[in-house]
Amino acid sequence: LVVLVIMGLLAAMAMPLAELVVQRDKERELKRALWDIRDAIDDYRRARENAGLGAGAPPYPPNLQALLGPPAAASGASSAPVRWLRRIPRDPFAADASLPADKTWGLRSYASEANAPSAGADVYDVYSHSERIGLNGIPLRQW
């Protein structure tokens, strides 16, 4: 009986630690996904500027799908299409697992304010829809 009580106490102490490990892994995955998408958006903008499309043409992608490159029909046979991402990473804290990866992110357009992000004609930044607070004390939406 004493052994069972000790085993129960050890199991009860291990549960919060296991939850902490899972939270830390998800936060690490979120951070990596945000870096990848933000780097791809910046590379997309640089490529548009280097191609001389600065005046009149929006420098930022119209949606996250644009970071995967042009559709097969739009890319010419003479040159390989440019791809900034192989796939769009999923927000690890997304509540609905049935959504496509690009729909799990909140989108911020260039015209919106940083403290009140809203979608628009382009994608300037992405953020998590999660209302959770990170282990660092900062809400995941603000990462």
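The values are calculated or read from the model by the stated rules, or taken from the named source; none is laboratory data. On a predicted model such as this, the values are computed, not experimentally measured, just so you know. Backbone-built Cβ (ideal geometry, glycine too); neighbour counts: all protein chains shown. Note: accessible area is taken over every heavy atom of the protein model, side chains too, but ligands, DNA and RNA are not part of it. Shrake-Rupley method; radii C 1.70, N 1.55, O 1.52, S 1.80 Å.
So, Ala40, is that one at pLDDT below 85 and within 27 Å of Leu107 (Cβ to Cβ) or not? For Ala40, the condition - at pLDDT below 85 and within 27 Å of Leu107 (Cβ to Cβ) - is not met. Note on the stretch 51-83: among residues that are surrounded by 14 or more Cβ atoms within 10 Å (Cβ to Cβ) and of a type in the set (Ser, Thr, Tyr), the one that is modelled with the highest pLDDT is Tyr60. Taken over the stretch 37-50, the criterion of being surrounded by fewer than 17 Cβ atoms within 10 Å (Cβ to Cβ) and closer than 15 Å to Gly69 by Cβ is satisfied by Asp43, Ala47, Arg48. Taking the conditions (1) open to solvent by less than 40 Å² (accessible area, probe 1.4 Å); (2) closer than 17 Å to Trp35 by Cβ; (3) in a loop (DSSP other than H, G, I, E, B); (4) of a type outside the set (Val, Ile, Thr) in turn, Arg86 satisfies each one other than (1). Scanning the stretch 107-135 for residues that are touching a residue at least 60 places away in the same chain (Cβ under 8 Å) and surrounded by fewer than 14 Cβ atoms within 10 Å (Cβ to Cβ) yields a count of 2. Restricting attention to the stretch 119-133 and to residues that are out of contact with any Lys or Arg (no Cβ under 8 Å at 6 or more places or on another chain) and hydrophobic (A, V, I, L, M, F, W, C), the residue that is nearest to Arg45 (Cα to Cα) turns out to be Ala121.
Under 15 Å from the mean Cα position of the chain (by Cα), loosely packed, with under 12 Cβ neighbours inside 10 Å and either modelled with pLDDT under 90 or not in a loop (DSSP other than H, G, I, E, B) (or both), is that true of Ala95? For Ala95, the condition - under 15 Å from the mean Cα position of the chain (by Cα), loosely packed, with under 12 Cβ neighbours inside 10 Å and either modelled with pLDDT under 90 or not in a loop (DSSP other than H, G, I, E, B) (or both) - is met.
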